[in-house]
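Each remark here refers to the structure printed beneath this line.
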Amino acid sequence: MSKTGSCLCGAVKYRVKSEVSRAGACHCGMCRKWSGGIFLAFQVAPGDVDFEGKENIACYASSDWAERGFCRNCGSSLFYRVTAGGPHQGQYHLGMGTLDEPDGVALTSEIFTDQKPDGYRFAGDLPGMTGAEVIAMFAPDSE
Ligand SMILES: [Zn+2]
Ligand SMILES: [Zn+2]
């Protein structure tokens, strides 16, 4: 079953063709500022998402290897997208909070665990990666 989602105002809508069953949390300082909280996201290959209202998406290049898409009209954080070359290029990490029906999507991992504020944590014992481990995976040439 394909999942649909949108920004807060509805100017940007999307449909994911692949299965959406798992999501991850990113605790990095950039995701925290950008999302205003904890960024929960699910991965989608570039060809597996169709956007409607694409002209309403603005992108901010937050680093040399990724950009962040948001709605020009309402400011909703929509996706993190890898721009660096390599096997992850073009991959979307769509915000779980933008899904119309987020039920049934399980939180299965946490990244940048070393940057998580000490005032909260998720229940359970999820597999985690530190920031250095994540950067080595997405942008091996950046250091
Ligand atoms: Zn919007
Ligand atoms: Zn992050």
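Could you check the stretch 62-82 and list, in sequence order, the residues that are over 15 Å from Cys31 (Cβ atoms) and either at pLDDT 95 or above or crowded, with 19+ Cβ neighbours inside 10 Å (or both)?
Going through the stretch 62-82, the residues over 15 Å from Cys31 (Cβ atoms) turn out to be 64, 71-75.
Of everything in the stretch 62-82, those that are over 15 Å from Cys31 (Cβ atoms) and either at pLDDT 95 or above or crowded, with 19+ Cβ neighbours inside 10 Å (or both) turn out to be Cys71, Arg72, Asn73, Cys74, Gly75.
Do you know which of the residues in the stretch 29-60 that are in contact with a Gly (Cβ under 6 Å, 6 or more places away or on another chain) and at pLDDT 95 or above is nearest to ligand 1 (Cβ to nearest atom)? Spell out the reasoning first.
First pass over the stretch 29-60, keeping only residues in contact with a Gly (Cβ under 6 Å, 6 or more places away or on another chain): 41, 46, 57, 59.
From what is left, the residues that are at pLDDT 95 or above are 41, 57, 59.
Details: Ala41: 18, Ile57: 9, Cys59: 14 Å.
Result: Ile57.
Being within 16 Å of ligand 2 (Cβ to nearest atom), touching a strand residue (DSSP E or B) at 6+ places or on another chain (Cβ under 7 Å) and not β-branched (Val, Ile, Thr) narrows it down to one residue among Arg68, Arg15, Arg32, Arg72; which is it? First the steps, then the outcome.
Numbers: Arg15 fails: within 16 Å of ligand 2 (Cβ to nearest atom); Arg32 fails: touching a strand residue (DSSP E or B) at 6+ places or on another chain (Cβ under 7 Å); Arg72 fails: within 16 Å of ligand 2 (Cβ to nearest atom).
Exactly one residue qualifies, and that residue is Arg68.
Suppose we filter Phe79, Phe51, Phe39 for residues that are more than 29 Å from Phe122 (Cα to Cα), touching a residue at least 12 places away in the same chain (Cβ under 8 Å) and among the aromatic types (Phe, Trp, Tyr); which single one remains? Show your work before the answer.
Values: Phe79 fails: more than 29 Å from Phe122 (Cα to Cα); Phe39 fails: more than 29 Å from Phe122 (Cα to Cα).
Every option except Phe51 fails the conditions.
Please note which strands (runs of 3 or more DSSP E) are completely contained in the stretch 1-92 and include at least 1 residues that are among the hydroxyl-bearing types (Ser, Thr, Tyr) and on the phi < 0 side of the Ramachandran plot.
On the way: elements: 3-6, 13-16, 22-26, 39-44, 49-52, 57-61, 66-71, 77-82.
The strands (runs of 3 or more DSSP E) meeting that bar are 3-6, 13-16, 57-61, 77-82.
The values are calculated or read from the model by the stated rules, or taken from the named source; none is laboratory data. From a predicted model like this one, the values you see are computed outputs, not experimental measurements. Positions of Cβ are generated from backbone atoms using ideal geometry, with glycine treated the same way; all protein chains shown enter the neighbour counts.
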